[in-house]
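These notes are about the structure you will find just below.
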Amino acid sequence: MSIGAWSRLRDSDVWHSFRGSPVAIVAAAIAFACLFCALFAEVVAPHDPFDLATLELADSRLPPAWVDEGRAKYPLGTDDQGRDILSAVIYGARISLAVGVASVLLSVAIGVTLGLVSGFVGGRTDAFIMRICDVMLSFPSILVALLIDGVGRALFPDAHETLAFGVLILAIALPGWVQYARTVRGSTLVERNKEYVQAARVIGVSPLRIMRKHVLPNVLGPVLVLSTIQVAQAIIIEATLSFLGVGVPPTSPSLGTLIRIGNDFLFSGEWWITIFPGAMLVMIALSVNLLGDWLRDALNPRLR
């Protein structure tokens, strides 16, 4: 970021709102810490939980270090395979965040494009796209994700791990584009009748260029807020699918997979196997949601 851009950011209303909101500051700090640990898991994590050569079954089900029989080598204890829970949570957060962010980006790309076309073109095109949105909203998003994931697994039973991740991202993204399409359509219906759009039409600017250069930048504000909140929802959906056993491959477990594994040992006394992945999932989802709420208020002139 250049010096001029940084100066404009410090003088902006958004930065002033951020500095005056302790909740936003704490949420941003937690989200940044989780993101940093996920991106640099190889450096931050004390062990590689997915390196089978380093696992020791003799160290399985060890409690956290502050509990009797715990070891300082494993601060949060180990699971049934001897994996360090702290390292597994850090690596699992990376997978959950990657799937969540990628699915939201895909939803934004599909929803913004269709919403822009629907609101700007209107007529039968608008009616057709909105009827598709109505159909999509008639089904719970988790049910649609399960259906898409099941169809993908049936079509590609021996899929490579990368393809399996792609199917999962698609399964989460397809139910999520509807909200972006409806939001952008509503904003586009307002923008297309404004003077700057009419002036661009008069001088012969093509409709595609008007949508891309003139209308799109003015409808991205609500999309930014919605996408921030949707990241948390996408992570929760991914965790739900993984908990049900239809999420990420078992060789690369996410937070949802770790919670499902720990759930089998919850009532036998090994509570740490599921509690700590669950706590990480709650921290990520809650911090992102709080940031989204703050951003919504900061970008709304009526609430300033």
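Just a few scattered comments:
- Residue in segment 216-226 that is open to solvent by less than 30 Å² (accessible area, probe 1.4 Å), farther than 26 Å from L114 by Cβ, in a helix (DSSP H, G or I) and touching a Lys or Arg at 6+ places or on another chain (Cβ under 7 Å) present: no
- Residue identified as without any contact (Cβ under 8 Å) to a residue 24 or more places away in the chain, in a loop (DSSP other than H, G, I, E, B) and touching a Ser or Thr at 6+ places or on another chain (Cβ under 9 Å) among G204, G245: G245
- Boolean, D48 is modelled with pLDDT under 85, closer than 21 Å to L97 by Cα and surrounded by fewer than 18 Cβ atoms within 10 Å (Cβ to Cβ): yes
- For segment 98-131, a residue qualifies if it is touching a residue at least 24 places away in the same chain (Cβ under 8 Å), over 13 Å from P207 (Cβ atoms) and of a type in the set (V, I, T), and the qualifying residues are V99, V101, V104, V108, I110, V112, I129.
- Single residue of segment 248-271 satisfying the filter (among the hydroxyl-bearing types (S, T, Y) and part of a loop (DSSP other than H, G, I, E, B)) that is surrounded by the most Cβ atoms within 10 Å (Cβ to Cβ): S254
- So Q198, is it outside any loop (DSSP other than H, G, I, E, B), of a type in the set (S, T, N, Q) and closer than 23 Å to K213 by Cβ: yes
- The single condition among (1) over 30 Å from D149 (Cα atoms); (2) of a type in the set (S, T, N, Q); (3) buried (at least 16 other Cβ atoms within 10 Å of the Cβ) that S242 does not meet is (1).
- Residue in segment 92-105 that is open to solvent by 70 Å² or more (accessible area, probe 1.4 Å) and under 26 Å from V215 (Cβ atoms) present: yes
- Single unsatisfied condition, Q230 versus (1) at pLDDT 85 or above; (2) farther than 30 Å from A27 by Cβ: (2)
- For A285: the one exception among (1) part of a helix (DSSP H, G or I); (2) of a type in the set (G, A, S); (3) free of Cβ contacts under 8 Å to residues at least 60 places away in the same chain; (4) open to solvent by 20 Å² or more (accessible area, probe 1.4 Å): (4)
- Of all residues in segment 161-213 being open to solvent by 80 Å² or more (accessible area, probe 1.4 Å) and of a type in the set (S, T, N, Q), the one that is nearest to V223 (Cα to Cα): N193
- Within segment 58-79, the presence of at least one residue that is in a helix (DSSP H, G or I), at pLDDT below 90 and either hydrophobic (A, V, I, L, M, F, W, C) or surrounded by 15 or more Cβ atoms within 10 Å (Cβ to Cβ) (or both) is confirmed.
- Answer from A173, A164 - the residue that is under 18 Å from the mean Cα position of the chain (by Cα), at pLDDT 75 or above, in a helix (DSSP H, G or I) and under 25 Å from Q233 (Cβ atoms): A173
- So V151, is it among the hydrophobic types (A, V, I, L, M, F, W, C), modelled with pLDDT under 80, open to solvent by less than 30 Å² (accessible area, probe 1.4 Å) and in a helix (DSSP H, G or I): no
- Checked across segment 54-63, the condition of being more than 22 Å from L255 (Cα to Cα), of a type outside the set (S, T, N, Q) and in contact (Cβ under 8 Å) with a residue 24 or more places away in the chain holds for at least one residue.
The values are calculated or read from the model by the stated rules, or taken from the named source; none is laboratory data. The model shown is predicted, which means the values in this text are computed figures rather than measured ones. Positions of Cβ are backbone-derived with ideal geometry, glycine not excepted, and every protein chain shown enters the neighbour counts. Note: accessible area is taken over every heavy atom of the protein model, side chains too, but ligands, DNA and RNA are not part of it. Shrake-Rupley method; radii C 1.70, N 1.55, O 1.52, S 1.80 Å.
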